[in-house]
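What follows is a single structure, written as structure tokens, with notes after it.
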Amino acid sequence: MTESADRDANRGLRARFDEVYGQYQQLRSGLDELQARLAELRVTERSDDGQVTATVGARGQLISVEMAPSVFQSRDAQALSRKTTRTIQKATEAAMAATQKLVAGYLPADSGSMDFVRTGDFGALLSRADAVMGHGGERRD
């Protein structure tokens, strides 16, 4: 009778393993796709007057800045600098939002990785990893 119970338990464990492994493979496949989509992500924003255009990638990295010829008519370098900076910041914020939205479709909402994408708090991500690993945030020297 004990052998029968062991076999039943093993079948149950095997079924659970197969289910978890299937979820892992699905997640892994999705992450490959996510990586490709993030590499292709571009966000373009224009200044309010349309004279400055900034394009950034998924991490907010600057890809290009374009300026209309009319931007040089005022000859106010500080104003142009402020306008360019604001436009790049606007593009970066939009890229972060687009990245969060894209990543949200691939990761569980309650995952530490998703929290990190939302908040940028690397310390919280590490604390969560420590908790999962049973270290409780203790130093490991």
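The values are calculated or read from the model by the stated rules, or taken from the named source; none is laboratory data. Just so it is clear, the structure is predicted and the values come from calculations on it, not from any experiment. Backbone-built Cβ (ideal geometry, glycine too); neighbour counts: all protein chains shown. To get the accessible areas, we keep the full protein, side chains included, count just its heavy atoms, and leave off ligands, DNA and RNA. Shrake-Rupley method; radii C 1.70, N 1.55, O 1.52, S 1.80 Å.
Out of GLY60, GLY22, GLY120, I need the residue that is surrounded by 12 or more Cβ atoms within 10 Å (Cβ to Cβ) and either of a type in the set (D, E, K, R) or modelled with pLDDT under 95 (or both). Which one?
GLY60
Considering only the stretch 44-58, state which residues are part of a strand (DSSP E or B) and not aliphatic (A, V, I, L, M).
THR44, GLU45, ARG46, THR53, THR55, GLY57 - these are the residues of the stretch 44-58 that are part of a strand (DSSP E or B) and not aliphatic (A, V, I, L, M).
Cβ-Cβ under 8 Å, sequence separation 6+ or interchain: first residue in the stretch 61-89 and assigned to a helix (DSSP H, G or I), partner among the charged types (D, E, K, R) and open to solvent by 100 Å² or more (accessible area, probe 1.4 Å). Which pairs?
Here the result reads THR87/ARG46, each pair linking the stretch 61-89 to a residue that is among the charged types (D, E, K, R) and open to solvent by 100 Å² or more (accessible area, probe 1.4 Å).
Residues in the stretch 1-43 that are assigned to a helix (DSSP H, G or I) and over 14 Å from the mean Cα position of the chain (by Cα): how many?
28
If you check every pair at least six apart or on different chains, which have Cβ atoms under 9 Å apart with a residue in the stretch 23-44 that is on the phi < 0 side of the Ramachandran plot and among the aromatic types (Phe, Trp, Tyr) first and a residue that is at pLDDT below 90 and exposed (fewer than 11 other Cβ atoms within 10 Å of the Cβ) second?
none
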